[in-house]
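Quick notes on the structure that follows.
Any read-out appearing in this document is the output of simple, stated calculations on the displayed coordinates, not a laboratory observation. Since we're looking at a predicted model, the values are computed, not measured. When we count neighbours, we look across all protein chains shown, and the Cβ atoms used for this are built from the backbone with ideal geometry, even at glycine.
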Amino acid sequence: MALHHASASRQPLRLSPPLAAPLRRRFSSVPPPVAALVPPGECQFGEEWVAAPLLGRADLNHDTRLFTFGLPDPGKPLGLSTCACILARGGAEGAEPVVRPYTPVSTNALLGKFELMVKVYSGGLSAHLDGLPIGAPVAFKHIQFNVKTQYPFGRRRLGMLAGGTGIAPMIQALHAVLGSADDSTVVDLLYGSKTEPDILARDTLDAWSAAYPGRLNVTHVLSHEPAGSAWAGARGFISEPLLRQALTPPDADSALFVCGPPPMYDLLCGPRGEEELTGLLADMGYTAGQVHKF
């Protein structure tokens, strides 16, 4: 399923001439990246919790949904800077509310609403969201801590290491990088999923890498793909050999974005809340200033 940013902003996707007709047809419904950029401080959500209605829910795969929420001002976009996330709060009645950060996969070209990609687990906030009726309110806010490294990123080359729904901030950043006409940044994305059906936003990533050859290089690795399947890509977990294969060596003009489950942080760079860089990326020669933990 393709991720959409705004029907009014869609333009024909720029595909390179060698692409065969079947591939063109497959990608024809994928919106191009759009750089609808705003500075920090313009988000419709601020320091206080504000309720937003659930407008829609769509399946992305067997356990991940695309939730669409309305905004307090229906005539304006979310107004979130790149890169940044928002906080959502909710839970079962009578229970202590659960707060989770989410990075929208929609852009500021979308007016009056925004979209979140959420993996649904039993219990917790994701299950609460999945059980809500359309029209039910969910509380959101946006705080300074939610503002991450900002575009323009100022690096010649970006490495993106994502696992599962950790692809969301990468999509946000790719909109800015690929959607800006004067940006020549090269992006190497290494994306870990469990099985082939678990790859999120696959059509979007495939279409963008085809439309921007040499600018977006995508490598998938599947940790639980059944033996004997037709999958011809990498298998297992992200490892140092795979990192060296997918990324260019660290230099002063490169940076890495990391987002995924806690074990992924532990392996690659150390816990998300710690500034110190440890793990495989430190062993490979990256510095704390080059690695951004989302």
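One table, with the values for the structure above:
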read-out	value
Whole-number percent relative contact order across segment 157-293, with pairs defined as alpha carbons under 8 Å at least 6 apart	27
Neighbourhood charge, 15 Å Cβ-Cβ cut-off, centred on Leu242 and excluding it, Lys, Arg +1 and Asp, Glu -1	-2
Across Lys76/Lys293; Lys113/Lys194; Lys141/Lys194; Lys119/Lys293, pairs whose alpha-carbon gap is larger than 27 Å	Lys76/Lys293; Lys113/Lys194; Lys141/Lys194
Packing-based ranking, highest mean first, of 257-263, 166-172, 224-230 given that Cβ atoms within 10 Å are counted	166-172, 257-263, 224-230
MRE, 222 nm, helices only [DSSP H, n ≥ 4, -39500 (n - 2.57), over the chain, to nearest 500]	-5000 deg cm²/dmol
Sites Gln245 and Lys194 - FRET efficiency at Förster radius 30 Å, r taken between beta-carbons, to 0.05	0.90
Fewest-first ranking of Thr103, Thr68, Thr149, using other Cβ atoms within 10 Å as the exposure measure	Thr149, Thr68, Thr103
Per-residue HN-Hα couplings for segment 43-53 [Karplus 6.51, -1.76, 1.60; θ = phi - 60°; Hz; x = Gly/Pro]	5, 5, 9, x, 6, 9, 5, 10, 7, 10, x
Cut-off under 5 Å, modelled amide H: who pairs with Thr64 long-range	Val120
5 angstrom amide H check on Val187, placed H, neighbours 5+ away	Leu158, Leu216, Asn217
Cβ-based charge dipole, segment 161-279, positive-most Cα from Gly233, Pro261, Gly163	Gly233
FRET efficiency estimate (nearest 0.05) - Cβ-Cβ, Asp182 to Thr287, R0 30 angstrom	0.60
GluC sites (Glu not before Pro) restricted to DSSP loop in segment 38-132 with at most 12 other C-beta within 10 Å	Glu47, Glu48, Glu93
Prolate/oblate/rounded label for segment 157-293 (Cα gyration tensor, a/c 1.5)	oblate
Gain in span if fully extended, Ala136 to Leu111, counting 0.36 nm per residue against the direct Cα distance	7.0 nm
Size of electric dipole in the chain: Cβ of Lys, Arg +1 and of Asp, Glu -1, about Cα centre, debye, nearest 20	820
Nonlocal amide H pairs with Gly260, under 5 Å, H built at 1.01 Å	Gly163
Estimated vicinal HN-Hα couplings, Hz - segment 96-106 in sequence order (Karplus 6.51, -1.76, 1.60; Gly, Pro = x)	5, x, 9, 10, 9, x, 9, 9, x, 9, 8
Table column - 3J(HN,Hα) (Hz), segment 115-124, Karplus curve with 6.51, -1.76, 1.60, x for Gly and Pro	10, 10, 9, 10, 7, 8, 10, 5, x, x
Relative exposure of Phe45, Phe237, judged by other C-beta atoms within 10 Å (fewest first)	Phe237, Phe45
Length added when fully stretched, Ala232-Lys76, from 0.36 nm per residue minus Cα-Cα	51.7 nm
